[in-house]
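Here's the structure, in structure tokens; my notes come after.
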Amino acid sequence: MMKARYIRLADMLSTAIQQGKLAPGTKLPTHRAFAEQFSVALATATRAYGELERRGMIVGEAGRGTFVRDLGLPPTLGVRQTASDGLIDLVFNMPGDAGDADMLRVGLRRLAAAGDLEAMLRYQPHGGRAHERRIIAESLAPIHGPIDPERLLITSGGQHGLATIALGLFRRGDRIATDTLTYPGFKSIAALQGLDLVPVEGRHGVMDPDDLERQCRARKVRAVYLMPTVHNPLGSVMDKATRLHLIEVARAHDLLLIEDAAYAFLEPDPPASFIALAPERTVHVGGFSKSLATGLRLGYLIAPETQTDRLLEAIRATTWNAPALISGLVTGWVEDGTLANSEVTRRRDGAERQQLCQTVFAGTSILSHRNAGFAWLPLEKGVRAEPIVTRLKDHGISVSGAEPFSTVVAVPQALRLAFGGVPKNQLEEVFQIVRRTVEGATML
């Protein structure tokens, strides 16, 4: 059976790309010029380009054109990328400390010496054991005010908490307002659940309440996903006045507020949280991966009483319960002060790394939080991220562009640098290589 014309055209270009006849970064003709070149309808040309984009062969950039992708890079420039052997990883933020292994040994010994170990081998309550929920709730009270442990549910990490929210509280086709740059993990969950993300404008990661109001007037929006305290990837902290304005809009349009606090511990003096300011419509998501260890997957949700039953059902359907061994370890560290000490260490380490980053990238428009192990580097007008990512890979450095974080069609050209896991004695050299590579691309 003969293939459709657009498939044959896509195959032709795909072969040329794979054989190197069309090099990475090559700008392709416009859809109309391509249609004229091969004497086909404009719709056929558009379908051919769409097929190539689906295969990961090309990438369209609004206002700039269509370019051949570097096939050595993952299509998302980071969200599914892992550093191969020998590559320095600036994609995933992996904070750590030389004493982390000792922390684990001490915690495991304490658990082994405790009574009723057999209970950890059995099914647990879906929302977590009552005493552990109480421990976490009491530890959060100085920041968020009194929290009813019955409203706090333990999850298998913050990512699982977000998935639980999407599965338990929303249906396919529901619209969730987000920042124009947001956490890739939430984008992935929304795509799997069939949720439509509505990008809302803002400045440096702080959502504009007036634009949220406009979006709600234009379409039915169910909820807002926010990272108000240490935004990922921009590092911003939303001021209290903006939080209160957003809450006004949420109440006027009956929106659920999803507050992601993954990096909030990096800000030592944060404004009042959404769960404190609007507890009746906020689902707060937190976790311990960034403050303790990325491999210890434990998180929590704090939700209105009206939402907890559906969230419990989603936990039951996905993991049944969080692993009792990990929840026992982590809540033990909450009680004995290990968590608080680890947060101080992470802030201090992040501040040292961030200071070095700011020194090397002085004079650029880099954005970050003063204690974070990541930063956002916008590129100059006309400079594309993908060729820089390719060149950095040749230098042994794995880095992400903006695409995984973007919720708009016109993806900004920028690099996200995550340096929490890079050895400090290598960090300045790594930053210098990135800066020289960016400057080299700027001069082309």
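Say whether the condition of being assigned to a loop (DSSP other than H, G, I, E, B), surrounded by fewer than 18 Cβ atoms within 10 Å (Cβ to Cβ) and modelled with pLDDT of 85 or more is met by at least one residue in the range 74-87.
No - not one qualifying residue is present in the range 74-87.
Taking Glu343 as the residue in question, decide whether it is under 25 Å from Lys290 (Cα atoms) and out of contact with any helix residue (DSSP H, G or I) (no Cβ under 7 Å at 6 or more places or on another chain). Working first, answer last.
Values: under 25 Å from Lys290 (Cα atoms): yes; out of contact with any helix residue (DSSP H, G or I) (no Cβ under 7 Å at 6 or more places or on another chain): no.
No; evaluated as a whole, the condition is false for this residue.
Report yes if Ala385 is within 30 Å of Leu153 (Cα to Cα) and open to solvent by less than 10 Å² (accessible area, probe 1.4 Å), otherwise no. Can you show your working first?
On the way: within 30 Å of Leu153 (Cα to Cα): no; open to solvent by less than 10 Å² (accessible area, probe 1.4 Å): yes.
No: the conditions fail for Ala385.
Go over the candidates Glu248, Glu280 one by one and state the one that is touching a Pro at 6+ places or on another chain (Cβ under 6 Å), over 26 Å from Ala402 (Cβ atoms), open to solvent by 50 Å² or more (accessible area, probe 1.4 Å) and not in a strand (DSSP E or B). Show your work before the answer.
Working: Glu248 fails: touching a Pro at 6+ places or on another chain (Cβ under 6 Å).
Of the residues listed, the single one that is touching a Pro at 6+ places or on another chain (Cβ under 6 Å), over 26 Å from Ala402 (Cβ atoms), open to solvent by 50 Å² or more (accessible area, probe 1.4 Å) and not in a strand (DSSP E or B) is Glu280.
Would you please list the contacts, defined by Cβ atoms under 9 Å and residues six or more apart or on different chains, that run from a residue in the range 104-127 that is among the hydrophobic types (A, V, I, L, M, F, W, C) to a residue that is in a helix (DSSP H, G or I) and modelled with pLDDT under 85?
Listed by first residue and then by second, the contacts come to Leu111/Leu117; Leu111/Met120.
Would you be able to tell me the number of residues in the range 292-336 that are buried (at least 23 other Cβ atoms within 10 Å of the Cβ), of a type outside the set (Val, Ile, Thr) and not in a helix (DSSP H, G or I)?
Count: 7.
Please enumerate the residues belonging to the range 171-197 that are of a type in the set (A, V, I, L, M, F, W, C) and open to solvent by less than 10 Å² (accessible area, probe 1.4 Å). Break it down stepwise before answering.
Restricting attention to the range 171-197, the residues satisfying the condition of being of a type in the set (A, V, I, L, M, F, W, C) are 176-177, 181, 186, 189-192, 195, 197.
Result: Ile176, Ala177, Phe186, Ala190.
Checking the conditions here, which among Gly396, Gly373 is in contact (Cβ under 8 Å) with a residue 24 or more places away in the chain, among the small types (Gly, Ala, Ser) and surrounded by 15 or more Cβ atoms within 10 Å (Cβ to Cβ)? Walk me through it before giving the result.
On the way: Gly396 fails: surrounded by 15 or more Cβ atoms within 10 Å (Cβ to Cβ).
Among Gly396, Gly373, only Gly373 is in contact (Cβ under 8 Å) with a residue 24 or more places away in the chain, among the small types (Gly, Ala, Ser) and surrounded by 15 or more Cβ atoms within 10 Å (Cβ to Cβ).
Provide a single number: the residues in the range 210-222 that are closer than 26 Å to His369 by Cα and either over 23 Å from the mean Cα position of the chain (by Cα) or buried (at least 20 other Cβ atoms within 10 Å of the Cβ) (or both).
Restricting attention to the range 210-222, the residues satisfying the condition of being closer than 26 Å to His369 by Cα are 210-212.
Imposing the further condition that a residue be either over 23 Å from the mean Cα position of the chain (by Cα) or buried (at least 20 other Cβ atoms within 10 Å of the Cβ) (or both) reduces the set to 210, 212.
Total meeting the criteria: 2.
Condition check ((1) in contact with an Asp or Glu (Cβ under 7 Å, 6 or more places away or on another chain); (2) under 29 Å from Leu312 (Cα atoms)) across all residues:
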{"position": "Ile165", "(1), (2)": "no, yes"}
{"position": "Phe170", "(1), (2)": "no, yes"}
{"position": "Lys187", "(1), (2)": "no, yes"}
{"position": "Glu201", "(1), (2)": "yes, no"}
{"position": "Asp210", "(1), (2)": "no, no"}
{"position": "Lys220", "(1), (2)": "no, yes"}
{"position": "Ala223", "(1), (2)": "no, yes"}
{"position": "His231", "(1), (2)": "no, yes"}
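Kindly check whether there is at least one residue in the range 252-269 that is more than 29 Å from Leu167 (Cβ to Cβ) and open to solvent by 30 Å² or more (accessible area, probe 1.4 Å).
yes
Exactly one condition in (1) open to solvent by less than 10 Å² (accessible area, probe 1.4 Å); (2) touching a residue at least 60 places away in the same chain (Cβ under 8 Å); (3) part of a helix (DSSP H, G or I) is false for Gly286; which is it?
Exception for Gly286: condition (3).
Can you name the residue in the range 398-412 that is in contact with a Lys or Arg (Cβ under 9 Å, 6 or more places away or on another chain) and over 17 Å from Ser188 (Cα atoms) and is also modelled with the highest pLDDT among such residues?
Val399
Could you grab the pairs with beta carbons closer than 7 Å, sequence gap of 6+ or different chains, first residue in the range 297-320 and hydroxyl-bearing (Ser, Thr, Tyr), second one assigned to a loop (DSSP other than H, G, I, E, B) and open to solvent by less than 30 Å² (accessible area, probe 1.4 Å)?
Pairs found: Thr319/Ser156.
The values are calculated or read from the model by the stated rules, or taken from the named source; none is laboratory data. Bear in mind that the values here come from a model prediction, so they are computed numbers and not experimental data. As a convention, Cβ positions derive from the backbone with ideal geometry for all residues, glycine included, and neighbour counts pool all protein chains shown. Areas reflect the complete protein model, heavy atoms only, side chains present, ligands, DNA and RNA absent. Shrake-Rupley method; radii C 1.70, N 1.55, O 1.52, S 1.80 Å.
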